[in-house]
Amino acid sequence: MLTLRFTNYLHGTVRARISGPMPEKFINLCLARGIFLWGIAKHNDDMFVSLRLGDFFRIRPLARRSRTRVEAVGHAGFPFALKRIRRRKMLVAGAVLFFMLLNLLASRVWFVDVSGNKEMAGERIAAVAADQGLKPGITKDGLDLKKVEKEMLLALPELAWVGVSLTGTRAVIEVVEKTLPKAEDRSPAHVVADKDGVIIEVIAIAGQAAVKKGDTVKRGDLLIKGFVDAPPAAPGQVPIITLPGQLVRAGGIVKARVWYDSYGEAGLAEEVYRRTGRQTVAVTLRAGGRELQVKKAPAQPYARFEAETVHKKLPGGRNSDFTVESTINIFHELIAETREITAEQARDLARGRALAAVQDRIPEGVQVVAREVAVLKTAEPSIVRVKVTVETIEDIGRTVNINQQ
Amino acid sequence: MERRRGRRTSLQRLAGLLELPQDIVLDMPRITMLGNKQLLVENHKGLIEYTGTLVRIKLSQGELAITGSDLVIGNFQAEQLLVEGTLTDIKYDV
């Protein structure tokens, strides 16, 4: 059915009025000639039929034979549409121009993006790509991406890999930079103590050990010398020349016991601060480079307060440096309250404070050997004082370059 | 008349035996109706009369008269004829 309608559209159809005494005879003649008719309807004395445009020119003799008059009253289909289009040439020209322009613009690279670069400037990579022909305005057909990739890799030795891909009118250059090993410091150096302690192990990988197990060292003491003596001459052999000693970069592991002392105290009557719920808010709006105080607050809004700052940023469009930001300062009023605690609780509190204070000084990942907590006797009954000693074993070596004048 | 009927019945029997469609063998129209809206006549011999209320179709023997209202011939070809509209009567005259 659809194909029939489509072929009818393609050939063009004519609606005809058939008037005369015997329109049925005309219809039967059409049938005999194999002329396809449809939509036959009768209004008053006239009969209306639909037929194909090609058949319409064949029915003239049939009309004469059946003594009917045939008159076209309407038409539809592609041939008539074509006729209309022929009269409006500029419309067609515009459509053709549109598609040509679209094709022309879509067949070129208009944007070149560089991604994946960390150390290198994107402009430099884009400039090298432009030298190889990959720049805005170039046609995509004449572009050999594999060749551009290869040439770029040769031109930029800092790159490990270059991939160029086209997505529409955008060329994306993906690069991976080589990770070069950092230049090692090879200048002669000593290993000195970073902390006070008692040596328990010395392993000199380069240089000569200056301390031995059991030695007590102070911060800054020499642990491994960056100096190697000349090899001693074999026994019984007369030394021909005396070789001077050689400066090296000392290295090694020096493990030592290190003690950390800390002190904490807690009163039996502790003062705690609590938010009252009252607050003052200050709002500052920043757009571009300008600042605007939307809501001001006094510098010292309460006797005791706690400040909280909230930054809110508007998500800017890409490639946009223009940021809109607001800073909200909230000042919470605080109230001091005294809280009575037992001696036991006070001791725990003081211990916790002392441990927290010492924890900041101990490097992460070191072996803690012992932890001593001693409550100090004081004359004041309302304060508990606690001393904490933490013993660790750690590498205390620190490499210090030898000054060469 | 008698002879003709005899020929017809023997042909009919043959068609039944060979399982051939009887409308082909006997040159008879096949009439299909869709409710009272559409009537499709296959193997017709032409149109005798057509008005908005009456359609007469010539068959190999006799004619078919269809009465109704707003009758339109939707499709008119050598092998089939489609009558659309509101059909009320179908009369078969031999």
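Looking for whichever is within 18 Å of B:GLY74 (Cα to Cα), within 14 Å of another protein chain (Cβ to nearest Cβ) and not small (Gly, Ala, Ser) here; the options are A:HIS43, A:HIS75. Which one fits?
The conditions single out A:HIS43.
Which condition number does A:ASN8 fail, the rest of (1) under 60 Å from the mean Cα position of the chain (by Cα); (2) polar (S, T, N, Q); (3) within 10 Å of chain B (Cβ to nearest Cβ) being met?
(3)
Give me a count of the residues in the range B:41-70 that are facing chain A (nearest Cβ under 8 Å), over 18 Å from B:ASP23 (Cβ atoms) and assigned to a strand (DSSP E or B).
Counting residues in the range B:41-70 that are facing chain A (nearest Cβ under 8 Å), over 18 Å from B:ASP23 (Cβ atoms) and assigned to a strand (DSSP E or B) gives 4.
Within the range A:375-404, which residues are closer than 25 Å to A:ARG219 by Cβ and free of Cβ contacts under 8 Å to residues at least 60 places away in the same chain?
Passing the criteria: only A:ASN403.
May I ask you to say which residue of A:VAL202, A:VAL164, A:VAL176 is closer than 30 Å to A:ARG398 by Cα and of a type in the set (A, V, I, L, M, F, W, C)?
A:VAL202
(1) in a strand (DSSP E or B); (2) more than 16 Å from the chain's Cα centre (by Cα); (3) loosely packed, with under 11 Cβ neighbours inside 10 Å: which one isn't true of B:ARG13, the others all being true?
So the condition that B:ARG13 fails would be (1).
If you go through the range B:19-33 one residue at a time, do you hit one that is touching a strand residue (DSSP E or B) at 6+ places or on another chain (Cβ under 7 Å), hydroxyl-bearing (Ser, Thr, Tyr), within 14 Å of chain A (Cβ to nearest Cβ) and without any contact (Cβ under 8 Å) to a residue 24 or more places away in the chain?
If we filter the range B:19-33 for residues that are touching a strand residue (DSSP E or B) at 6+ places or on another chain (Cβ under 7 Å), which is where we start, we get B:23, B:29-33.
Next, only the ones that are hydroxyl-bearing (Ser, Thr, Tyr) stay: B:32.
Of the ones still in play, those that are also within 14 Å of chain A (Cβ to nearest Cβ) are none.
No, because not a single residue in the range B:19-33 is touching a strand residue (DSSP E or B) at 6+ places or on another chain (Cβ under 7 Å), hydroxyl-bearing (Ser, Thr, Tyr), within 14 Å of chain A (Cβ to nearest Cβ) and without any contact (Cβ under 8 Å) to a residue 24 or more places away in the chain.
Looking only at residues that are buried (at least 18 other Cβ atoms within 10 Å of the Cβ) and more than 9 Å from chain A (Cβ to nearest Cβ) in the range B:82-94, which one is farthest from A:TRP38 (Cα to Cα)?
My answer is B:LEU87.
Go through the range A:188-212 and give me each residue that's touching a residue at least 40 places away in the same chain (Cβ under 8 Å), over 12 Å from A:PHE227 (Cα atoms) and part of a loop (DSSP other than H, G, I, E, B).
Of everything in the range A:188-212, those that are touching a residue at least 40 places away in the same chain (Cβ under 8 Å), over 12 Å from A:PHE227 (Cα atoms) and part of a loop (DSSP other than H, G, I, E, B) turn out to be A:ASP194, A:LYS195, A:ASP196, A:VAL211.
Name the residue, out of A:ARG52, A:ARG17, that is surrounded by fewer than 19 Cβ atoms within 10 Å (Cβ to Cβ) and basic (Lys, Arg).
That would be A:ARG17, the only listed residue that is surrounded by fewer than 19 Cβ atoms within 10 Å (Cβ to Cβ) and basic (Lys, Arg).
Read the figures in this text as sums done on the coordinates, not as results from a lab. Just so it is clear, the model here is predicted, and its values are computed rather than measured. As a convention, Cβ positions derive from the backbone with ideal geometry for all residues, glycine included, and neighbour counts pool all protein chains shown.
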